[in-house]
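Here's the structure, in structure tokens; my notes come after.
The values are calculated or read from the model by the stated rules, or taken from the named source; none is laboratory data. In this text, all values refer to a predicted model and were calculated from it rather than measured experimentally. Side chains included, ligands, DNA and RNA excluded: accessible areas come from the protein's heavy atoms. Shrake-Rupley method; radii C 1.70, N 1.55, O 1.52, S 1.80 Å.
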Amino acid sequence: MYDFIEWNPEQVTECAKKCDAAGEIFSKSKLTSISTGTQHQEALDELIQDINGLIAGLTLACAGVSQATTAVNQAFQEAEEQNRHALETDKIYGHSKGK
């Protein structure tokens with residue numbers, strides 16, 4: 001079985017940047033009140049802490065996705081460089097052995 005992954009470092013870098021941007025948006029978002037003017041106001045006010053906790057979780061998730069994406073991108077680039085080096089080494093030394 002042959003598996004091939006087409007890796008585009010520029011697109012992956014853009015993905016990490018978008019995750020960072022989303023995290024920035026979430027980090028600046030904090031709910032302070034929900035106004036309804038109805039009998040459910042107290043119940044909604046109690047949910048604000050939970051909603052803010054979810055927003056904080058999304059902020060952390062965005063940071064984690066960004067870091068993981070960046071790390072995987074670097075690993076793919078390093079593997080690509082090692083493969084290139086191995087091919088060049090094989091060309092140099094492989095031809096010498098055959099002579």
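State the percentage of accessible surface on the chain attributable to carbon and sulfur atoms; use a 1.4 Å probe and exclude ligands, DNA and RNA. The computed percentage sits at 58. Per residue, the solvent-accessible area of the chain (1.4 Å probe, heavy atoms of protein chains only, all protein chains present) comes to 83 Å².
Consider the candidate values (1) 6.5; (2) 5.9; (3) 10.4; state which one is mean projected area of the Cα convex hull in nm² computed from the structure displayed. Computing mean projected area of the Cα convex hull in nm² and matching it to (1) 6.5; (2) 5.9; (3) 10.4 gives (3). Based solely on its DSSP helices, what 222 nm [θ] is calculated for the chain when runs of n ≥ 4 H residues each add -39,500 (n - 2.57) and the sum is averaged over all residues, nearest 500 deg cm²/dmol? Roughly -28500 deg cm²/dmol at 222 nm, from the helical runs in the chain. Cross-link partners for residue 30 among the aspartates and glutamates, with Cα-Cα distance under 15 Å and sequence neighbours closer than 8 places in the same chain left out: 45, 46, 50. Estimated at the nearest 10 Å², the accessible area of residue 26 is 60 Å² with a 1.4 Å probe.
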